[in-house]
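The values are calculated or read from the model by the stated rules, or taken from the named source; none is laboratory data. Remember, it's a predicted structure, so these values are computed and weren't measured experimentally. Quick reminder, even Gly has a Cβ in these numbers, built from the backbone with ideal geometry, and neighbours come from all protein chains shown.
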Amino acid sequence: MTTRLEALDPIAGSMVIDQLRRMAERLKPMSLVHINSTRIGGGVAELLNGIIPLWNELGIDARWEVIQGDQAFFEVTKAMHNALQGFRANLGKPLLDHYIEINRRNAEELDFEADFVVVNDPQPAYLIEFMRKRGKKWIWRCHIDASRPDRKVWRFLREAVKQYDASIFSMPGFARNLPHPQYLLYPSIDPLSDKNRELSAEEVTAVMDRLGIERDKPIILQVSRFDSFKDPLGVIEAFRMVHAHTPCRLVLVGGEATDDPEGPRIYAEVQEAAHGLADINLLLLPPESHYEINALQRAADIIVQKSVREGFGLTVTEAMWKGKPVIGGAAGGIVLQLRNFRTGFLVYSPEGCALRIRYLLRHPDVGKRMGKFAREFVRNHFLVTRNLRDYLSMMILFRSAGDRGRPDRTVVL
Ligand code: UDP
(Lines give C-alpha, C1' and ligand atoms only; values in the text may rest on other atoms or scores of the structure.)
Protein backbone atom coordinates (compact mmCIF):
# COMPACT_ATOMS: atom_id res chain seq x y z
CA MET A 1 0.00 0.00 0.00
CA THR A 2 1.23 3.51 -0.80
CA THR A 3 1.99 5.59 2.27
CA ARG A 4 0.80 9.18 2.45
CA LEU A 5 4.36 10.43 2.14
CA GLU A 6 4.82 8.35 -1.01
CA ALA A 7 1.58 9.74 -2.39
CA LEU A 8 2.76 13.27 -1.67
CA ASP A 9 6.02 12.69 -3.53
CA PRO A 10 4.71 13.49 -7.04
CA ILE A 11 2.69 16.43 -5.74
CA ALA A 12 5.22 18.22 -3.53
CA GLY A 13 8.40 16.83 -5.13
CA SER A 14 10.77 14.11 -3.94
CA MET A 15 13.36 16.58 -2.68
CA VAL A 16 10.79 17.99 -0.29
CA ILE A 17 9.86 14.54 1.02
CA ASP A 18 13.53 13.50 1.40
CA GLN A 19 14.21 16.63 3.37
CA LEU A 20 11.33 15.88 5.75
CA ARG A 21 12.64 12.37 6.36
CA ARG A 22 16.16 13.64 7.03
CA MET A 23 14.94 16.31 9.43
CA ALA A 24 12.75 13.84 11.32
CA GLU A 25 15.77 11.49 11.69
CA ARG A 26 17.55 14.22 13.64
CA LEU A 27 14.73 14.37 16.16
CA LYS A 28 13.92 10.71 16.77
CA PRO A 29 12.84 9.43 19.21
CA MET A 30 10.34 12.19 19.74
CA SER A 31 6.73 12.51 20.82
CA LEU A 32 4.30 15.30 20.16
CA VAL A 33 0.75 16.13 21.12
CA HIS A 34 -1.45 18.71 19.39
CA ILE A 35 -4.37 20.05 21.43
CA ASN A 36 -7.43 21.96 20.26
CA SER A 37 -11.12 22.19 21.06
CA THR A 38 -12.88 20.48 18.18
CA ARG A 39 -12.23 17.49 15.97
CA ILE A 40 -14.57 18.70 13.26
CA GLY A 41 -15.27 22.12 11.77
CA GLY A 42 -12.96 25.04 11.17
CA GLY A 43 -9.44 25.44 9.91
CA VAL A 44 -7.53 24.01 12.87
CA ALA A 45 -9.32 20.68 12.77
CA GLU A 46 -8.71 20.61 9.03
CA LEU A 47 -5.02 21.24 9.55
CA LEU A 48 -4.58 18.63 12.26
CA ASN A 49 -6.41 15.96 10.29
CA GLY A 50 -3.82 16.32 7.56
CA ILE A 51 -0.70 16.62 9.63
CA ILE A 52 -1.05 13.97 12.36
CA PRO A 53 -0.73 10.89 10.09
CA LEU A 54 2.32 12.42 8.42
CA TRP A 55 4.11 12.95 11.73
CA ASN A 56 3.60 9.26 12.47
CA GLU A 57 4.84 8.17 9.05
CA LEU A 58 7.96 10.21 9.71
CA GLY A 59 8.51 8.17 12.87
CA ILE A 60 7.45 10.91 15.29
CA ASP A 61 4.96 9.68 17.84
CA ALA A 62 2.15 12.25 17.38
CA ARG A 63 -1.29 12.41 18.99
CA TRP A 64 -4.21 14.80 18.80
CA GLU A 65 -6.18 15.56 21.96
CA VAL A 66 -9.38 17.56 22.09
CA ILE A 67 -10.57 19.36 25.22
CA GLN A 68 -14.22 19.10 26.25
CA GLY A 69 -16.32 22.06 27.34
CA ASP A 70 -19.93 23.01 27.96
CA GLN A 71 -22.06 25.62 26.21
CA ALA A 72 -20.99 28.39 28.62
CA PHE A 73 -17.31 27.59 28.03
CA PHE A 74 -17.67 27.86 24.24
CA GLU A 75 -19.63 31.10 24.60
CA VAL A 76 -16.67 32.50 26.53
CA THR A 77 -14.07 31.20 24.09
CA LYS A 78 -16.01 32.51 21.10
CA ALA A 79 -16.14 35.93 22.78
CA MET A 80 -12.37 35.64 23.37
CA HIS A 81 -11.84 34.71 19.74
CA ASN A 82 -13.84 37.76 18.63
CA ALA A 83 -12.04 39.97 21.17
CA LEU A 84 -8.63 38.87 19.87
CA GLN A 85 -9.83 39.95 16.44
CA GLY A 86 -10.74 43.38 17.76
CA PHE A 87 -14.32 43.13 19.01
CA ARG A 88 -15.18 44.42 22.50
CA ALA A 89 -15.88 41.64 24.95
CA ASN A 90 -17.55 41.83 28.29
CA LEU A 91 -16.16 38.86 30.12
CA GLY A 92 -16.66 39.18 33.85
CA LYS A 93 -14.79 37.24 36.51
CA PRO A 94 -17.37 34.42 36.87
CA LEU A 95 -17.12 33.66 33.14
CA LEU A 96 -13.33 33.73 33.14
CA ASP A 97 -13.29 31.53 36.28
CA HIS A 98 -15.53 29.06 34.46
CA TYR A 99 -13.14 29.08 31.49
CA ILE A 100 -10.18 28.38 33.80
CA GLU A 101 -12.12 25.68 35.64
CA ILE A 102 -12.89 23.84 32.36
CA ASN A 103 -9.20 24.00 31.46
CA ARG A 104 -8.35 22.58 34.90
CA ARG A 105 -10.80 19.69 34.47
CA ASN A 106 -9.40 18.86 31.04
CA ALA A 107 -5.89 18.95 32.40
CA GLU A 108 -6.90 16.29 34.92
CA GLU A 109 -8.58 14.02 32.43
CA LEU A 110 -6.32 13.99 29.40
CA ASP A 111 -2.89 12.48 28.99
CA PHE A 112 -0.56 15.11 27.57
CA GLU A 113 2.76 13.39 28.23
CA ALA A 114 5.03 14.29 25.26
CA ASP A 115 8.29 15.99 24.32
CA PHE A 116 6.38 18.80 22.59
CA VAL A 117 2.88 20.00 23.41
CA VAL A 118 1.35 22.27 20.77
CA VAL A 119 -1.74 24.04 22.09
CA ASN A 120 -3.93 25.62 19.43
CA ASP A 121 -5.84 28.87 20.00
CA PRO A 122 -7.33 30.37 23.19
CA GLN A 123 -9.73 27.60 24.20
CA PRO A 124 -7.10 25.31 25.77
CA ALA A 125 -4.52 28.05 26.45
CA TYR A 126 -4.87 27.84 30.25
CA LEU A 127 -4.07 24.11 30.34
CA ILE A 128 -0.49 25.10 30.91
CA GLU A 129 -1.39 26.45 34.37
CA PHE A 130 -2.12 22.90 35.45
CA MET A 131 0.14 20.85 33.17
CA ARG A 132 3.50 22.57 33.15
CA LYS A 133 5.58 19.66 34.42
CA ARG A 134 4.01 16.87 32.40
CA GLY A 135 5.14 17.95 28.93
CA LYS A 136 8.62 19.11 28.10
CA LYS A 137 8.23 21.96 25.66
CA TRP A 138 4.98 23.89 25.46
CA ILE A 139 4.13 25.87 22.35
CA TRP A 140 1.05 28.02 21.84
CA ARG A 141 -0.15 28.32 18.26
CA CYS A 142 -2.48 31.20 17.56
CA HIS A 143 -4.49 30.88 14.33
CA ILE A 144 -6.35 34.12 14.88
CA ASP A 145 -5.66 37.64 13.69
CA ALA A 146 -4.44 38.94 17.07
CA SER A 147 -2.97 42.17 15.73
CA ARG A 148 -5.45 44.47 17.50
CA PRO A 149 -6.93 42.53 20.39
CA ASP A 150 -9.26 43.79 23.07
CA ARG A 151 -6.70 44.76 25.71
CA LYS A 152 -8.42 43.23 28.74
CA VAL A 153 -8.93 39.88 27.06
CA TRP A 154 -5.36 39.77 25.79
CA ARG A 155 -4.04 40.67 29.27
CA PHE A 156 -5.96 37.74 30.68
CA LEU A 157 -4.77 35.31 28.01
CA ARG A 158 -1.23 36.59 28.16
CA GLU A 159 -0.96 35.37 31.77
CA ALA A 160 -1.15 31.84 30.37
CA VAL A 161 0.61 32.40 27.05
CA LYS A 162 3.72 33.87 28.64
CA GLN A 163 4.29 30.57 30.46
CA TYR A 164 4.80 28.75 27.14
CA ASP A 165 8.27 28.14 25.74
CA ALA A 166 7.33 29.68 22.40
CA SER A 167 4.35 30.81 20.41
CA ILE A 168 3.46 30.55 16.74
CA PHE A 169 1.53 33.14 14.76
CA SER A 170 0.36 32.99 11.13
CA MET A 171 1.65 36.44 10.14
CA PRO A 172 4.32 38.87 11.35
CA GLY A 173 1.63 41.47 12.13
CA PHE A 174 -0.09 39.09 14.55
CA ALA A 175 2.93 38.58 16.81
CA ARG A 176 2.58 40.01 20.33
CA ASN A 177 4.85 41.30 23.03
CA LEU A 178 5.81 38.05 24.74
CA PRO A 179 8.81 36.93 26.76
CA HIS A 180 9.63 33.95 24.55
CA PRO A 181 10.52 33.20 20.91
CA GLN A 182 7.72 33.73 18.45
CA TYR A 183 7.65 31.74 15.22
CA LEU A 184 5.82 32.65 12.08
CA LEU A 185 4.32 29.61 10.38
CA TYR A 186 1.73 29.69 7.65
CA PRO A 187 -1.01 27.08 7.76
CA SER A 188 -1.39 24.59 4.92
CA ILE A 189 -3.70 22.17 3.14
CA ASP A 190 -3.45 18.44 2.66
CA PRO A 191 -3.70 17.70 -1.07
CA LEU A 192 -4.62 14.06 -0.32
CA SER A 193 -7.63 14.79 1.86
CA ASP A 194 -11.22 14.42 0.68
CA LYS A 195 -11.37 18.22 0.74
CA ASN A 196 -8.55 18.64 -1.76
CA ARG A 197 -7.88 15.46 -3.73
CA GLU A 198 -8.56 15.36 -7.46
CA LEU A 199 -12.15 14.59 -8.46
CA SER A 200 -13.47 13.54 -11.85
CA ALA A 201 -16.00 15.70 -13.70
CA GLU A 202 -18.58 12.93 -13.11
CA GLU A 203 -17.98 13.02 -9.37
CA VAL A 204 -18.43 16.80 -9.32
CA THR A 205 -21.66 16.57 -11.34
CA ALA A 206 -23.04 13.86 -9.07
CA VAL A 207 -22.49 16.03 -5.97
CA MET A 208 -24.04 19.11 -7.59
CA ASP A 209 -27.09 17.04 -8.61
CA ARG A 210 -27.38 15.56 -5.13
CA LEU A 211 -27.20 19.02 -3.54
CA GLY A 212 -29.75 20.34 -6.04
CA ILE A 213 -27.54 23.11 -7.44
CA GLU A 214 -28.21 24.00 -11.04
CA ARG A 215 -25.26 24.74 -13.28
CA ASP A 216 -27.22 26.89 -15.72
CA LYS A 217 -25.17 30.02 -14.88
CA PRO A 218 -21.64 30.75 -13.70
CA ILE A 219 -21.29 29.87 -10.02
CA ILE A 220 -19.87 32.18 -7.38
CA LEU A 221 -19.09 30.34 -4.16
CA GLN A 222 -18.17 31.21 -0.60
CA VAL A 223 -17.50 28.41 1.89
CA SER A 224 -17.34 29.55 5.51
CA ARG A 225 -18.71 29.10 8.95
CA PHE A 226 -21.66 31.48 9.35
CA ASP A 227 -19.69 34.11 11.22
CA SER A 228 -19.94 37.88 10.94
CA PHE A 229 -16.17 38.20 10.30
CA LYS A 230 -16.63 36.11 7.14
CA ASP A 231 -19.12 38.75 5.99
CA PRO A 232 -21.75 36.55 4.31
CA LEU A 233 -24.09 39.57 4.25
CA GLY A 234 -21.48 41.54 2.30
CA VAL A 235 -21.26 38.68 -0.19
CA ILE A 236 -25.04 38.75 -0.70
CA GLU A 237 -24.89 42.52 -1.18
CA ALA A 238 -22.16 42.16 -3.80
CA PHE A 239 -24.13 39.40 -5.52
CA ARG A 240 -27.26 41.53 -5.55
CA MET A 241 -25.35 44.27 -7.43
CA VAL A 242 -23.88 41.87 -9.98
CA HIS A 243 -26.99 39.81 -10.46
CA ALA A 244 -29.01 42.88 -11.47
CA HIS A 245 -26.96 43.03 -14.70
CA THR A 246 -25.22 39.71 -15.24
CA PRO A 247 -26.61 36.18 -14.98
CA CYS A 248 -24.88 34.24 -12.21
CA ARG A 249 -25.64 32.05 -9.23
CA LEU A 250 -24.42 32.47 -5.66
CA VAL A 251 -23.77 29.44 -3.49
CA LEU A 252 -23.11 30.16 0.18
CA VAL A 253 -21.99 27.09 2.05
CA GLY A 254 -21.54 26.90 5.77
CA GLY A 255 -21.59 24.41 8.51
CA GLU A 256 -21.32 24.32 12.22
CA ALA A 257 -18.18 23.97 14.27
CA THR A 258 -18.84 22.49 17.70
CA ASP A 259 -16.78 25.29 19.28
CA ASP A 260 -18.73 28.10 17.53
CA PRO A 261 -22.11 28.79 19.14
CA GLU A 262 -22.81 31.94 17.04
CA GLY A 263 -23.53 30.09 13.78
CA PRO A 264 -27.33 29.71 14.01
CA ARG A 265 -27.88 33.44 14.66
CA ILE A 266 -25.76 34.51 11.71
CA TYR A 267 -27.35 31.88 9.50
CA ALA A 268 -30.79 33.29 10.31
CA GLU A 269 -29.55 36.77 9.30
CA VAL A 270 -28.20 35.37 6.04
CA GLN A 271 -31.50 33.63 5.31
CA GLU A 272 -33.31 36.89 5.82
CA ALA A 273 -30.92 38.81 3.56
CA ALA A 274 -31.26 36.19 0.81
CA HIS A 275 -35.04 36.03 1.08
CA GLY A 276 -36.75 36.71 -2.24
CA LEU A 277 -33.51 36.80 -4.27
CA ALA A 278 -33.32 34.46 -7.26
CA ASP A 279 -30.30 32.25 -8.00
CA ILE A 280 -29.00 31.92 -4.45
CA ASN A 281 -28.36 28.57 -2.82
CA LEU A 282 -27.78 28.52 0.92
CA LEU A 283 -26.39 25.24 2.11
CA LEU A 284 -25.92 24.13 5.68
CA LEU A 285 -23.74 21.05 5.41
CA PRO A 286 -22.75 18.62 8.15
CA PRO A 287 -19.18 19.18 9.38
CA GLU A 288 -17.75 16.10 7.64
CA SER A 289 -18.82 17.26 4.16
CA HIS A 290 -15.25 17.55 2.89
CA TYR A 291 -15.92 15.67 -0.32
CA GLU A 292 -18.97 17.82 -1.09
CA ILE A 293 -17.01 21.03 -0.46
CA ASN A 294 -14.25 19.79 -2.73
CA ALA A 295 -16.82 19.22 -5.50
CA LEU A 296 -18.46 22.60 -4.92
CA GLN A 297 -15.12 24.38 -5.14
CA ARG A 298 -14.34 22.54 -8.38
CA ALA A 299 -17.77 23.37 -9.84
CA ALA A 300 -17.45 27.08 -9.02
CA ASP A 301 -16.26 29.63 -11.57
CA ILE A 302 -15.24 32.24 -9.01
CA ILE A 303 -14.54 31.72 -5.32
CA VAL A 304 -15.11 34.50 -2.83
CA GLN A 305 -13.79 34.78 0.72
CA LYS A 306 -14.92 38.23 1.67
CA SER A 307 -13.75 38.16 5.29
CA VAL A 308 -13.36 41.45 7.12
CA ARG A 309 -11.11 39.82 9.73
CA GLU A 310 -9.34 36.54 9.17
CA GLY A 311 -6.75 34.40 10.90
CA PHE A 312 -5.52 32.73 7.77
CA GLY A 313 -8.50 31.71 5.68
CA LEU A 314 -7.69 28.18 4.55
CA THR A 315 -10.60 28.29 2.12
CA VAL A 316 -8.56 30.63 -0.05
CA THR A 317 -5.72 28.15 -0.43
CA GLU A 318 -8.25 25.35 -0.99
CA ALA A 319 -9.82 27.31 -3.83
CA MET A 320 -6.45 28.23 -5.34
CA TRP A 321 -5.37 24.59 -5.28
CA LYS A 322 -8.42 23.83 -7.42
CA GLY A 323 -7.26 26.33 -9.98
CA LYS A 324 -9.90 28.95 -9.23
CA PRO A 325 -9.56 32.73 -9.19
CA VAL A 326 -10.35 34.06 -5.72
CA ILE A 327 -11.85 37.36 -4.65
CA GLY A 328 -10.85 37.85 -1.04
CA GLY A 329 -11.31 40.48 1.63
CA ALA A 330 -8.00 42.22 2.28
CA ALA A 331 -7.83 40.83 5.81
CA GLY A 332 -5.36 38.75 7.81
CA GLY A 333 -3.82 35.78 6.06
CA ILE A 334 -5.85 36.25 2.89
CA VAL A 335 -3.35 38.92 1.92
CA LEU A 336 -0.54 36.36 2.17
CA GLN A 337 -2.21 33.82 -0.04
CA LEU A 338 -3.87 35.89 -2.68
CA ARG A 339 -1.59 37.64 -5.18
CA ASN A 340 -3.61 40.69 -6.12
CA PHE A 341 -4.26 40.78 -9.92
CA ARG A 342 -2.27 37.54 -10.31
CA THR A 343 -4.33 34.84 -8.59
CA GLY A 344 -7.42 36.93 -7.93
CA PHE A 345 -8.41 40.23 -6.36
CA LEU A 346 -8.26 41.72 -2.90
CA VAL A 347 -11.33 43.76 -2.06
CA TYR A 348 -12.38 46.16 0.68
CA SER A 349 -16.14 46.51 0.26
CA PRO A 350 -19.19 44.82 -1.23
CA GLU A 351 -18.94 47.30 -4.11
CA GLY A 352 -15.33 46.31 -4.79
CA CYS A 353 -16.30 42.67 -4.59
CA ALA A 354 -19.14 43.21 -7.08
CA LEU A 355 -16.80 45.02 -9.48
CA ARG A 356 -14.30 42.14 -9.47
CA ILE A 357 -16.98 39.48 -9.80
CA ARG A 358 -18.33 41.26 -12.86
CA TYR A 359 -14.88 41.54 -14.35
CA LEU A 360 -14.19 37.83 -13.93
CA LEU A 361 -17.62 36.90 -15.28
CA ARG A 362 -16.84 38.92 -18.39
CA HIS A 363 -13.30 37.59 -18.74
CA PRO A 364 -13.41 33.86 -17.93
CA ASP A 365 -10.08 33.39 -19.76
CA VAL A 366 -8.38 35.71 -17.23
CA GLY A 367 -9.95 33.72 -14.39
CA LYS A 368 -8.54 30.48 -15.83
CA ARG A 369 -5.05 31.98 -16.13
CA MET A 370 -5.22 33.25 -12.58
CA GLY A 371 -6.33 29.82 -11.41
CA LYS A 372 -3.34 28.10 -13.02
CA PHE A 373 -0.92 30.46 -11.36
CA ALA A 374 -2.78 30.09 -8.06
CA ARG A 375 -2.33 26.32 -8.04
CA GLU A 376 1.44 26.60 -8.49
CA PHE A 377 1.61 29.25 -5.79
CA VAL A 378 -0.05 26.85 -3.36
CA ARG A 379 2.26 24.02 -4.41
CA ASN A 380 5.24 26.16 -3.48
CA HIS A 381 3.96 27.73 -0.28
CA PHE A 382 0.90 26.20 1.31
CA LEU A 383 1.05 22.43 1.21
CA VAL A 384 1.16 20.39 4.41
CA THR A 385 4.73 19.36 3.58
CA ARG A 386 5.89 22.94 4.08
CA ASN A 387 4.09 23.20 7.39
CA LEU A 388 5.75 19.98 8.56
CA ARG A 389 9.15 21.27 7.51
CA ASP A 390 8.59 24.44 9.53
CA TYR A 391 7.57 22.48 12.62
CA LEU A 392 10.60 20.23 12.21
CA SER A 393 12.93 23.24 11.91
CA MET A 394 11.45 24.74 15.03
CA MET A 395 11.87 21.52 16.97
CA ILE A 396 15.44 21.07 15.77
CA LEU A 397 16.16 24.60 17.00
CA PHE A 398 14.73 23.70 20.40
CA ARG A 399 16.78 20.51 20.52
CA SER A 400 19.96 22.33 19.60
CA ALA A 401 19.30 24.90 22.33
CA GLY A 402 19.72 21.90 24.66
CA ASP A 403 20.15 22.77 28.33
CA ARG A 404 19.79 26.46 27.65
CA GLY A 405 16.12 25.56 27.34
CA ARG A 406 14.96 27.40 24.28
CA PRO A 407 16.23 29.27 21.26
CA ASP A 408 16.72 32.84 22.27
CA ARG A 409 15.71 34.68 19.13
CA THR A 410 12.53 35.20 17.22
CA VAL A 411 12.67 33.11 14.11
CA VAL A 412 10.81 33.39 10.86
CA LEU A 413 10.64 29.97 9.27
N1 UDP B 1 -15.36 24.30 6.18
C2 UDP B 1 -16.10 23.15 6.08
N3 UDP B 1 -17.44 23.25 6.08
C4 UDP B 1 -18.08 24.45 6.16
C5 UDP B 1 -17.31 25.62 6.29
C6 UDP B 1 -15.94 25.51 6.28
O7 UDP B 1 -15.55 22.05 5.97
O8 UDP B 1 -19.29 24.47 6.14
C9 UDP B 1 -13.91 24.17 6.16
C10 UDP B 1 -13.23 24.92 5.04
O11 UDP B 1 -13.23 24.16 3.85
C12 UDP B 1 -11.84 25.14 5.64
C13 UDP B 1 -12.15 25.32 7.10
O14 UDP B 1 -13.40 24.69 7.36
O15 UDP B 1 -11.06 23.97 5.47
C16 UDP B 1 -12.23 26.78 7.46
O17 UDP B 1 -10.96 27.29 7.65
P18 UDP B 1 -10.67 28.82 7.55
O19 UDP B 1 -9.25 29.03 7.92
O20 UDP B 1 -11.07 29.32 6.20
O21 UDP B 1 -11.65 29.49 8.60
P22 UDP B 1 -11.94 29.24 10.16
O23 UDP B 1 -13.25 28.51 10.18
O24 UDP B 1 -10.83 28.44 10.74
O25 UDP B 1 -12.06 30.62 10.69
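Things worth noting here:
- In region 138-177, of all residues being assigned to a strand (DSSP E or B) and not basic (K, R), the one that is farthest from A330 (Cα to Cα) corresponds to W138.
- Just one of (1) closer than 22 Å to W321 by Cα; (2) in contact with a strand residue (DSSP E or B) (Cβ under 8 Å, 6 or more places away or on another chain); (3) of a type in the set (A, V, I, L, M, F, W, C) fails for A295. It is (2).
- Hey, R105 in a strand (DSSP E or B) and either at pLDDT 90 or above or within 16 Å of the ligand (Cβ to nearest atom) (or both) or not: no
- Some residue of region 314-332 being without any contact (Cβ under 8 Å) to a residue 40 or more places away in the chain and surrounded by fewer than 20 Cβ atoms within 10 Å (Cβ to Cβ): yes
- Checked against (1) in contact with a Leu (Cβ under 7 Å, 6 or more places away or on another chain); (2) surrounded by fewer than 19 Cβ atoms within 10 Å (Cβ to Cβ); (3) modelled with pLDDT under 95; (4) not aromatic (F, W, Y), P218 passes all but a single condition, namely (3).
- Selected residue (criterion: nearest to the ligand (Cβ to nearest atom)) from residues of region 225-247 that are at negative phi and outside any helix (DSSP H, G or I): R225
- Looking only at residues of region 169-204 that are buried (at least 17 other Cβ atoms within 10 Å of the Cβ), of a type in the set (D, E, K, R) and closer than 18 Å to T315 by Cβ, we find that the one that is farthest from the ligand (Cβ to nearest atom) is D190.
- Residue within region 250-259 that is within 14 Å of the ligand (Cβ to nearest atom), touching a residue at least 60 places away in the same chain (Cβ under 8 Å), of a type outside the set (D, E) and surrounded by fewer than 19 Cβ atoms within 10 Å (Cβ to Cβ) present: yes
- Lone unmet requirement of (1) within 25 Å of H243 (Cα to Cα); (2) at pLDDT below 95 for K368: (2)
- Only residues that are within 15 Å of the ligand (Cβ to nearest atom) and under 20 Å from F112 (Cα atoms) were counted across region 35-59, and they come to 10.
- Filtering A146, A125 for residues that are buried (at least 17 other Cβ atoms within 10 Å of the Cβ), small (G, A, S) and away from the ligand (no atom under 16 Å from the Cβ) leaves a single hit, A125.
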